[in-house]
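Visitor: First, the structure itself, so that you have it in front of you.
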Amino acid sequence: MSKFYNYNGHRVRLEQNTYANNGTLAVCMVSPDGELVDVITVNLNDRMQSDTMAFLDTNNNPKIETFIKRHHLGLPMNYSQRSGFCTYPLYTLFTSEF
């Protein structure tokens, strides 16, 4: 059974995926009818990425850290990576809670 959340006025569930080029964790927000709403992680090809740790896309989703913390879906790893003009925080995500 999927858990649904409200994010920016959308009813969504989180879906665990992997990035094709390195197999690390990718997380999508999906609507109740299965439509992709957004991808909340970014693939930076960093050595810290894994099947449980991912960089949150705070550039396109500025409230995503608050959402993850509020729903106890992950913990910050106190590590971030820059790409272009943005800095992305690394989180351990509790995919079993999705």
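Visitor: Quick one: in segment 52-98, which of the residues that are under 10 Å from the mean Cα position of the chain (by Cα) and of a type in the set (Gly, Ala, Ser) is farthest from PHE4 (Cα to Cα)?
Guide: Only one residue tops the list, namely ALA54.
Visitor: Related question: Go through segment 78-98 and count every residue that is surrounded by 12 or more Cβ atoms within 10 Å (Cβ to Cβ) and either farther than 19 Å from THR18 by Cβ or touching a Cys at 6+ places or on another chain (Cβ under 6 Å) (or both).
Guide: 6
Visitor: If I ask for residues that are over 22 Å from THR66 (Cβ atoms) and surrounded by 12 or more Cβ atoms within 10 Å (Cβ to Cβ), which ones from segment 23-42 would you list?
Guide: Our first condition is that a residue be over 22 Å from THR66 (Cβ atoms); within segment 23-42, this holds for 23-24, 32-35.
Answer for segment 23-42, where residues must be over 22 Å from THR66 (Cβ atoms) and surrounded by 12 or more Cβ atoms within 10 Å (Cβ to Cβ): just THR24.
Visitor: Sticking with this one: On the basis of being within 19 Å of GLN16 (Cα to Cα), of a type in the set (Asp, Glu) and loosely packed, with under 12 Cβ neighbours inside 10 Å, does GLU65 make the cut?
Guide: Taking the combined requirement at face value, the residue does not satisfy it.
Visitor: So if I check each of ARG70, ARG11, which one is without any contact (Cβ under 8 Å) to a residue 12 or more places away in the chain and surrounded by fewer than 19 Cβ atoms within 10 Å (Cβ to Cβ)?
Guide: ARG70
Visitor: If you don't mind, another one. Could you tell me whether segment 22-29 includes any residue that is out of contact with any Ser or Thr (no Cβ under 7 Å at 6 or more places or on another chain) and either part of a strand (DSSP E or B) or closer than 21 Å to PHE4 by Cα (or both)?
Guide: yes
Visitor: Something else about it: Sort out which residues of segment 53-62 are surrounded by 14 or more Cβ atoms within 10 Å (Cβ to Cβ) and assigned to a loop (DSSP other than H, G, I, E, B), and write them in order of number. Give the derivation first.
Guide: Restricting attention to segment 53-62, the residues satisfying the condition of being surrounded by 14 or more Cβ atoms within 10 Å (Cβ to Cβ) are 53-59, 61.
Once the filter is applied, which keeps residues that are surrounded by 14 or more Cβ atoms within 10 Å (Cβ to Cβ) and assigned to a loop (DSSP other than H, G, I, E, B), segment 53-62 yields ASP57, THR58, ASN59, ASN61.
Values in this text are rule-based calculations from the coordinates and carry no lab data. Just so we're clear, the structure is a prediction, and the values are computed from it rather than from any experiment. Cβ coordinates were reconstructed from backbone atoms using ideal geometry, including for glycine residues, and neighbour counts include every protein chain displayed.
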